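> Provided herewith is a single structure, encoded as structure tokens, for subsequent inquiry.
The values are calculated or read from the model by the stated rules, or taken from the named source; none is laboratory data. Being a predicted model, the structure only gives us computed values, none of them experimental. So basically every Cβ, Gly included, is an ideal-geometry build from the backbone, and we count neighbours across all protein chains shown. When the accessible area is computed, the model is the full protein with side chains, heavy atoms only, and any ligands, DNA or RNA have been set aside. Shrake-Rupley method; radii C 1.70, N 1.55, O 1.52, S 1.80 Å.
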Amino acid sequence: RKINMVLTDELVDALCKAAKDKSEKVGVDISFAICDASGLPKAFRRYGEALVLSTTLVPGKAYTAAITQCKTKDVAAASSEGAPLMAIQTNDPRITLVAGGYPFFIKGKIVGGLGVGGGTEEQDCTIAEYVVSVFEEFTTK
């Protein structure tokens, strides 16, 4: 299977459903986004009464995870004062240094990213990690 064809509409829909289902179990309304390896949007959803701020943060989280190939929490740590990526966000205003963005990999190659927002950092990361696990189940069949 071609790496660039991994994020099919069917898979993206399944990942959106997984995010929604997990957010309901966690008990928080979220916004959720998926992008391809270049950071271009594939999907965005705002479930329930997710925080308005999450609607702007979440696409940025997905973008950041995809183009840096790192969790946004790790990018934030690497961009603090004196760190190797200090002030990276000043070069690209789409970079989002808020936890909840995770990359998607297949066989070590980046294929996209996701962003979750609307809850606490722990809630967002719990949901994101679940969605990554669903992605891995789908792509290792």
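> In the stretch 56-101, what count of residues is obtained for those that are closer than 19 Å to Gly118 by Cβ and either touching a helix residue (DSSP H, G or I) at 6+ places or on another chain (Cβ under 7 Å) or surrounded by 15 or more Cβ atoms within 10 Å (Cβ to Cβ) (or both)?
19
> Let me ask something else about it. Report every pair of residues separated by at least 6 positions or lying on different chains whose Cβ atoms are under 9 Å apart, first residue within the stretch 68-92 and modelled with pLDDT of 80 or more, second of a type in the set (Lys, Arg).
Pairs that qualify, where the first residue is modelled with pLDDT of 80 or more and the partner is of a type in the set (Lys, Arg), are Thr72/Lys61.
> If Lys42 satisfies every condition in (1) closer than 16 Å to Gly118 by Cβ; (2) at pLDDT 95 or above; (3) touching a strand residue (DSSP E or B) at 6+ places or on another chain (Cβ under 8 Å) but one, which is the exception?
Condition not satisfied by Lys42: (1).
> Ok, one more. For the stretch 102-127, how many residues are within 13 Å of the chain's Cα centre (by Cα), surrounded by fewer than 24 Cβ atoms within 10 Å (Cβ to Cβ) and part of a strand (DSSP E or B)?
The number of residues fulfilling the criteria is 4.
> Please go through the stretch 11-55 and give me each residue that is open to solvent by 60 Å² or more (accessible area, probe 1.4 Å), in contact with a helix residue (DSSP H, G or I) (Cβ under 9 Å, 6 or more places away or on another chain) and of a type in the set (Asp, Glu), ordered by number.
Asp29
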